[in-house]
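Reading through the structure tokens given below for one structure.
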Amino acid sequence: MKTTTNKITLVFTSFVFLSFASLSQATERVNPQELLEVGKPLPNAMLKQYEGPDIQLKDIKGKIKIISIVPQLNTPVCDEQTHRLSETNGGLDKLLDIITISTNSAKGQYEFAKKANIKNLIFLSDAPRFDFGKNTGLLNEKFGYLKRTVLIVDEDNIIRYIDFVPGGGLPNIKKALNSARKILQKKGAELHSGDKKASLENKGGGHVL
């Protein structure tokens, strides 16, 4: 009887421990909407590029960037998302960087781009460490892929636009491109205003408010 009681106690204790561990893991899962907000810095991460050194996001400041996050290249929706950003950006690729991040290997991304004849996008791989996915909360840990999202970050890596894409659909590419144009226009206006202010100050014209 005592042995049976001990077994029951052991089973119950194990059940409580496993339940608590499972609950703790669920609680620790990161919500991307808590980490990625407009006005906040883009979390840093180490990413791989084909036949090049690893890249930290904090080191690619200086240009406005459209960042297209796809679960896996060589699938229909990811294929279409990547082609649209490459082929319908209206010349934005000459004014800013358009980056695709996925969990394909860097070599797999290179082979995809070569086959698709895409030369105006930058491909960065989050495999095998998933730094980007973990640091942004966009990693689907169960399946090892990233959740479809489009970000626009400015030259200081501050997030200016986010589109968390629900389900298996496409992001609003047109809206993202229009938002990128507005950010560029605002930056151009600020630069023009700064040049005008400096010119007037050099001429003794005082400060421009």
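Data for the structure
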| read-out | value |
| --- | --- |
| Cβ charges +1 (Lys, Arg) and -1 (Asp, Glu), total dipole of the range 32-171, debye | 160 |
| Cα gyration tensor category, rounded, prolate or oblate, for the range 32-171 with a/c compared to 1.5 | rounded |
| Zone of HIS83's modelled label, taken as backbone nitrogen in the range 108-139 under 12 Å from a point 7 Å along Cα→Cβ | 116-118 |
| Amide H partners (placed H, <5 Å) of ASN140, local residues excluded | TYR145, LEU146, LYS147 |
| Cross-link partners of LYS187 among aspartates and glutamates (Cα-Cα below 18 Å; sequence separation of 8 or more within a chain) | ASP93, ASP97, ASP154, GLU155, ASP156, ASP195 |
| Backbone HN-Hα couplings from phi across the range 138-145 [Karplus 6.51/-1.76/1.60, Hz, Gly and Pro as x] | 8, 7, 7, 5, 5, 10, x, 9 |
| Percent of beta bridges antiparallel (DSSP, the range 32-171, rounded to nearest 5) | 65 |
| The range 121-170: C-alpha pair distances exceeding 18 Å, % | 39 |
| More than 15 angstrom apart: percent of Cα pairs within the range 33-104 | 64 |
| Which listed pairs, of LYS142/LYS182; LYS94/LYS142; LYS114/LYS175; LYS107/LYS182, have C-alpha distances above 32 Å, in listed order | LYS142/LYS182; LYS94/LYS142; LYS107/LYS182 |
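No lab work stands behind these numbers, since they all come straight from the coordinates. These numbers were taken from a predicted model, which means no experiment stands behind them. Every residue, glycine among them, receives a Cβ derived from its backbone with ideal geometry; neighbour counts consider all protein chains shown.
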